[in-house]
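Trainee: Below: one structure in structure tokens.
The values are calculated or read from the model by the stated rules, or taken from the named source; none is laboratory data. Worth saying up front: this structure is predicted, and the values here are computed from it rather than measured. What goes into the accessible areas is simple: the full protein's heavy atoms, side chains included, and nothing from ligands, DNA or RNA. Shrake-Rupley method; radii C 1.70, N 1.55, O 1.52, S 1.80 Å.
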Amino acid sequence: MNILRSLAVFILAGLCEIGGGYLIWLWLKSDKPLWFGIVGAVILALYGVVATWQSAGFGRVYAAYGGIFILMALIWAWRVDGFKPDKYDVIGALVALAGACIIIFTPRGK
């Protein structure tokens, strides 16, 4: 799988997980209607499907996705919730992202 396609799948998976979780959060914590929770649950289920589009094995994909998820969650919190990440949030996210890239994109012998 090429790197750009793999990154696109990770980003789509992250949007599904964060977006679905956010809708459920709003339903339960902000008294939004039940349909927020239902749509959120469907989107979260879609996340599980999207993650299977990666070509690496389950453990490696989920380990790498964790690093990408950290960065995406901070970006979501900043853009959607108005949370202002500090320099340590940014440094931590970049370290996690570097680790994710090492895990998923390092060439390995077959």
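Trainee: For the chain, give the percent of accessible area contributed by carbon and sulfur heavy atoms, probe 1.4 Å, rounded to a whole number.
Mentor: Working: 5040 of 7060 Å².
It is 71 percent, rounded to a whole number.
Trainee: Please give the direction-averaged projected area of the C-alpha convex hull for region 71-110, in square nanometres with one decimal. Could the numbers behind the result be given before it?
Mentor: Values: hull surface 12.3 nm².
Average of the hull's projected areas for region 71-110 equals 3.1 nm².
Trainee: OK, next. Over the Cα atoms of region 17-87, each weighted equally, I'd like the Debye log10 I(q)/I(0) at q = 0.13 Å⁻¹, rounded to two decimals.
Mentor: Each listed q maps to, in turn, -0.47.
Trainee: Now for a different question. In degrees, nearest 10, range 0 to 90: what is the angle between the Cα axis of helix 3-29 and the longest Cα principal axis of the chain?
Mentor: 20 degrees
Trainee: Calculate, for the chain, the solvent-accessible area per residue in square angstrom, rolling a 1.4 angstrom probe over the heavy atoms of the protein chains.
Mentor: Working: 7060 Å² over 110 residues.
Value returned for the chain: 64 Å² of accessible area per residue.
Trainee: Related question: Given the whole protein assembly as supplied and a 1.4 Å probe, what does the accessible area of residue 81 come to in Å², nearest 10?
Mentor: 90 Å²
Trainee: Now, a different point. As a test of reading the structure, rank 6, 30 by solvent-accessible area (1.4 Å probe, protein chains only), most first. List each step's numbers first, then the result.
Mentor: Numbers: 6 5, 30 60 Å².
These residues rank, largest area first, as 30, 6.
Trainee: How much length, in nm to one decimal, is gained on full extension between residue 5 and residue 49, taken as 0.36 nm per residue of separation minus their Cα-Cα distance? List each step's numbers first, then the result.
Mentor: Values: separation 44, 0.36 × 44 = 15.84 nm, distance 1.57 nm.
Net length gain for the segment: 14.3 nm.
Trainee: If the reach is capped at under 20 angstrom between alpha carbons, list the aspartates and glutamates near residue 32, excluding any in the same chain fewer than eight residues apart.
Mentor: 17, 81
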